[in-house]
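Novice: Shown below is the structure under consideration.
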Amino acid sequence: MKKLIISAVFLMALQISAYAQSGNIIITQQWARPILVEGRPGGAYLHIQNIADIDDKLISASSSISAKVEIHEHTMNDGVMKMGKVDFIKIPAHSEVQLKPGGYHIMLFNTKKKYAPGETIDLTLNFENAGTIEKTFEILAKQP
């Protein structure tokens, strides 16, 4: 009986852990721009929906094709569009955020290979509360 209880508790802990990692964050509409010359920077975009009762944050991203991946935002300063790194993107509870050209986006630097429309790349997204979510991004020549 003791083994049965321990096994049940272990299985419940695994289910809770899996839910905390991705259950409250839904990623859709993921795509990236082509990189036609190896080593050039590239951009990746996606839609993030937070169905949790608490806020979350996208705090970092990584990829097997780039040693340096950053979260960026375009802003307008004194009539000039500027792009810069941000530490995180807040995803409010029961809300959504669109990463798109001209706004928030993921930058991949010093890419290890070139990639063209029709191919895919991997990105791992790290959230403060939801944990790690791995996604495949389709390479598209223009925004869908």
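Novice: Taking a ≥ b ≥ c as the square roots of the eigenvalues of the Cα gyration tensor of segment 44-144, is the shape rounded (a/c under 1.5), prolate (a/b larger than b/c) or oblate?
Specialist: Here segment 44-144 falls in the oblate category.
Novice: Quick one: net charge of E73's neighbours, Cβ under 14 Å, K/R +1, D/E -1?
Specialist: My count for the surroundings of E73 gives +3.
Novice: Still on this structure: Here is the link list: K82/K112; K57/K135; K57/K82. Which ones come out longer than 19 Å on Cα distance?
Specialist: Details: K82/K112 26 Å; K57/K135 17 Å; K57/K82 22 Å.
Cα-Cα > 19 Å for K82/K112; K57/K82; rest within.
Novice: Quick one: which residues, 5 or more positions from F127 or on another chain, have an amide H under 5 Å from its amide H? H modelled 1.01 Å from N in the peptide plane, none for Pro or chain starts.
Specialist: I59, T132, I133
Novice: Further, regarding this structure: What's the exposure ranking of I35, I139, going from fewest to most Cβ atoms within 10 Å? Could you put the intermediate results ahead of the total?
Specialist: On the way: I35 23, I139 18.
So the residues, fewest neighbours to most, are I139, I35.
Novice: Neighbour counts of other C-beta atoms within 10 Å: give me T136, T120 arranged from fewest to most.
Specialist: With the sparsest Cβ surroundings first, the list reads T136, T120.
Here, each number is a calculation from the coordinates, and none is a lab measurement. Treat the numbers as computed from the prediction; the structure is a model and nothing was measured. Note that each Cβ is placed from the backbone with ideal geometry, even for glycine, and that neighbours are counted across all protein chains shown.
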